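I have placed the structure first, in the form of structure tokens, so that the comments after it can refer back to it.
Each value in this text was obtained by applying a stated rule to the coordinates, not by laboratory testing. Owing to the predicted nature of the structure, the values given are computational and were not obtained by experimental measurement. Backbone-built Cβ (ideal geometry, glycine too); neighbour counts: all protein chains shown.
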Amino acid sequence: MLNRTIAPPIKDAIEFNLELKPYQKWVLDNGTEVYAIDAGAEDVLQVEWVFYAGNWFEEQSLVAAATNYLLKNGTQSRNAFAINEHFEYYGAHLNRTAYNETATLSLHCLSKHAAELFPVVAEIIETSVFPEEELQLYKQNNKQRLAVSLKKSEFVANRLIDVYVYGIDHPYGKYSTEASYDALQREALVAFYQQFYQQRRCLIFVAGKLPSNLQQLLNAQFGARKVAAAPALPTHVATPAAAKNYRVENDKEGVQGSIRLARPFPNRHHSDFTKATILNNLFGGFFGSRLMNNIREDKGYTYGIYSYIQNHIHDTAWLVSTEAGRDVCEATIAEVYKEMERLRNEPVDKEELLLVKNYMLGSTLGDLDGPFHIIGRWKNIVLNGMKDDYFDKAVDAIKSVTAAELQELANRYLLADEFYELVVI
Amino acid sequence: MIQFDRFTLANGLRVLVHQDNSTPMAVLNVLYDVGARDEDPAKTGFAHLFEHLMFGGSKNIPSYDDPLQLAGGENNAYTTNDLTNYYCQLPAENIETAFWLESDRMLSLAFSKKSLEVQRKVVMEEFKEHYLNKPYGDVWFKLRELAYTVHPYRWPTIGQELSHIEHATMADVKGFFHKHYCPANAILVVAGKVDTPMVQQLAEKWFGDIPSGKKYIRNLPQEPAQTAPRKLAVKANVPLDALYKVWHMEGRLHDGYYAAELITDILSGGGSSRLFQSLVKEKKLFSNIECYHFGSTDAGLLTIEGKLVKGVTMEEAEKGILEVVTPITRDLVEEKELQKVKNKTEASLAFEDMSVMSRASSLANYELLGNANLMNEELDKYQSITRDDIRHYAAQIFNDNNCSTLYYYAQEPSGN
């Protein structure tokens, strides 16, 4: 008779060998660096062109985002419709995303179509024209979208907490307003495009089942244009708010509050960073965390609560984020502080520490499944200026971290007084 | 081509195995043949609430999550109007942990009072977060009630109203479990770095002695053909007027389903699609517009929804939509345009099949529809759709008598 109360034996994940598949690196004729991962069974390809063209470089709010968005809305020889039709005919997606330091173009397609698609990406990078009418439509539609977003407490809360931590003038803290959309002018976009895309070297990250002639294809389309080195990053200094506590009413009839707690935190180069991510997991980083167990699974105050360290290249922040019932917001915050206190005062016991380690390593192993995830990890390492052994060191840190080290980190960082505290209803 | 093996245990549990040695992981996916459409109209939201309770401990194991995480695994679940699906992924060496956990909760839940009390609250917060505390969050409650008069797609999976969840009792929980959660009503898929003999042995060991249970025979009222247009106008505290039009379309296993899917792509599959180009770019009636459907098993709804540019009237906006959809019912689409949406489908299917987890849940879904191998026949079905099919099914769908329209007005005066 099967005894169902006894768990089957397991292999602890700390015994697993986790390896991040190494990238291939090519340099195109004009110095453009290409990082490539050849893996996977499906004949698919993901290519990302990364430019140093995020809002870190703009002198006027939204110029970086608008330039990035409108890149594919017209070139010297095609209008927006023709560009979209070309990519869509081949079942491909050309997306663009503006971040803080960087801004990207990314292509997802079947590998067999790369040769038809690359020339149009090159055309966009070299000859985008930013038609006035496209800009007007962008302004109108984004102002409408913003009006809807501003009705959502979580959207408002996400903006405000960044302002408290970084200041409204810092690239990580600034946000869009109707006035900032109105102020956008075509000339500023064209100038930004020329300065940060057209004439600049980018980085290329490519992954999937790579066609054998991929290197030549890339070199033919992206290796010939004349480029200057990527621009140096200007300095932006954060100006954190003096006051720590905020309660904002956004909707009189709101039935939930968006709670955000945040403290400044150093970037990945700091020696505490890797082990702090482990402490973060224990605290609120996954479904089995202290915050989730207490505030969702014991009290039922929320559908979900998480803590995380923001994915920034420069100095960043450690956050707790949840939407909780309107009447239990203050009780939720009190419980978050209690969980910080427990982590400061009591070392985590062996069993829970092993669970967190095994979970983190197991999910890392699962996340190495497939070429897109692998290149994503390398991109993060490259763009953050980390060394190639960063992944191995992070895995070693998870395997070796002790309860005493985590308690020490909790005493250094999980201090209620150092957190900004915000509820938006 | 997705390869798989299939066998059935003596108790009726269907098991599929999909081996992929390129990953160090294994996935265990259990699908139960029950969704929100199987609920009592007075106790809606129950299938989804029940999904939460499945994590509240089983007969012999107090916690589902802890042992799985200790084995390096993660998991989640979802409930739709048609089905409930649970999946976990963990290092392949530890796959037996997943068999142990999943089989025990199929055998019997712990039926803990505390879990019911807490999860009722959690689901009520989920209800608030996703439906009440969001602008336009109540739209689908209204649209479903308007479009369906008798079919249980009348309510969303979260439930018709908060009170139904608030009043769920332990007797309801037990009744639901015994009716739906048993080998006769489940499909198990194991995928990743596994092989069939090993899965067979583990499936026998852990699931083999669970009583079969009674096969649930679904007998739902089918929605009669709609014979006249339906319209509803509401006002709400939102910044923009919005327009929603839904038309009945054929169910998942009918020929018209594939044509409807391609029609949604022709209308709104990207920046070169007809609705976007005509109504956002050229006529500037909408700031965004989308066309989609939910892939429902029974006859579903094809939806067009958009937010109006300030100053545009509902009448102008609605006329604009009809001016885009009517030509598809009348004229053949260009060969190139049809090829475009077929190419898009080919690429989407390839991207979908990249992860083992997604392949496992697709196999379970298709097996529920009748045969897992349907997964390998999908692309051919799309490829065989002709320009005539598109016109034929577009004419069938975009008939005003088949349409329900929701005019969602901003309370604040609109206009510049």
*About the Cα centre of chain A, what is the dipole size in debye to 20, counting +1 per Lys and Arg Cβ and -1 per Asp and Glu Cβ, all else neutral?*
180
*If the cut-off is a Cα-Cα distance under 24 Å, which lysines reach B:Lys319, setting aside same-chain residues fewer than 8 apart in sequence?*
B:Lys142, B:Lys231, B:Lys235, B:Lys245, B:Lys281, B:Lys283, B:Lys284, B:Lys307, B:Lys310
*Find, among the trypsin sites (Lys or Arg not before Pro) in the range A:379-425, those assigned to loop by DSSP (not H, G, I, E, B) with at most 15 other beta-carbon atoms within 10 angstrom.*
A:Lys387
*Please work out the C-alpha center-to-center distance from the range A:352-367 to the range B:117-151 and express it in whole Å.*
35
_Once the cut-off is 43 Å, how many percent of the Cα-Cα pairs in the protein assembly as shown end up in the long-distance tail?_
33
*Which whole-number percent is the relative contact order of the range B:230-410 (Cα, under 8 Å, 6+ apart)?*
39
*Within the range A:80-96, backbone nitrogen closer than 17 Å to the virtual label 7 Å beyond the Cα of A:Glu116 toward Cβ*: A:82-94
*Work out the FRET efficiency for B:Glu290 and B:Glu334 from their Cβ-Cβ distance, taking R0 = 25 Å, and round it to the nearest 0.05.*
0.65
_Angle in degrees between helix A:114-127 and the longest Cα principal axis of chain A, rounded to the nearest 10_ = 80
*Ordered by residue, what ³J(HN,Hα) values in Hz, to whole numbers, does the range B:373-380 give under the Karplus form 6.51 cos²θ - 1.76 cosθ + 1.60, where θ = phi - 60° and Gly and Pro are x?*
5, 3, 4, 7, 9, 4, 4, 4
*Quick one: angle between helix B:170-180 and the longest Cα principal axis of chain B, in degrees between 0 and 90, rounded to 10, please.*
90
*asked:* Can you tell me the orientation of helix A:403-413 relative to chain A, as the angle in degrees between its alpha-carbon axis and the longest Cα principal axis, to the nearest 10?
replied: 70
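Grab the DSSP H runs of chain A that are 4 residues or longer, score each as -39,500 (n - 2.57), total them, divide by all residues and round the 222 nm result to the nearest 500 deg cm²/dmol.
Value at 222 nm, helices only, nearest 500: -12000 deg cm²/dmol.
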_Roughly how far apart, in whole Å, are the Cα centres of the range A:315-338 and the range B:335-396?_
44
*Those lysines that a straight Cα-Cα span of less than 19 Å connects to A:Lys299, excepting residues fewer than 8 apart in one chain*: A:Lys338, B:Lys113, B:Lys114, B:Lys121, B:Lys128
*Multiply the residue gap between A:Ser106 and A:Glu59 by 0.36 nm, knock off their C-alpha separation, and tell me the result in nm, one decimal place.*
14.4 nm
*Order of B:Trp140, B:Trp100 - criterion: other Cβ atoms within 10 Å of each residue's Cβ, fewest first*: B:Trp140, B:Trp100
*Using θ = phi - 60° and the Karplus curve 6.51 cos²θ - 1.76 cosθ + 1.60, what whole-Hz ³J(HN,Hα) does each residue of the range A:295-309 get, with Gly and Pro shown as x?*
8, 8, 6, 9, 9, x, 6, 8, 7, x, 9, 9, 10, 7, 9
*Hey, how many Å between the Cα centroid of the range A:146-180 and the Cα centroid of the range B:197-213?*
54
_Per-residue Cβ neighbour rank within 10 angstrom, fewest leading, B:Ile390, A:Ile305, A:Ile10_ = A:Ile10, B:Ile390, A:Ile305
*Summing +1 for each Lys or Arg and -1 for each Asp or Glu, what net charge is found among the other residues whose Cβ lies under 14 Å from the Cβ of A:Gly167?*
-1
_Under the Karplus curve 6.51 cos²θ - 1.76 cosθ + 1.60, θ = phi - 60°, whole-Hz ³J(HN,Hα) for the range A:164-172, x wherever Gly or Pro sits_ = 5, 6, 10, x, 5, 8, 7, x, 7
_Suppose only helical runs count, i.e. DSSP H with n ≥ 4. What mean residue ellipticity at 222 nm does that imply for chain B under -39500 (n - 2.57) per run, divided by all residues and rounded to the nearest 500 deg cm²/dmol?_
-12000 deg cm²/dmol
*Charge dipole magnitude, Cβ of K and R +1, D and E -1 - the range B:230-410, Cα centre, debye nearest 20*: 740
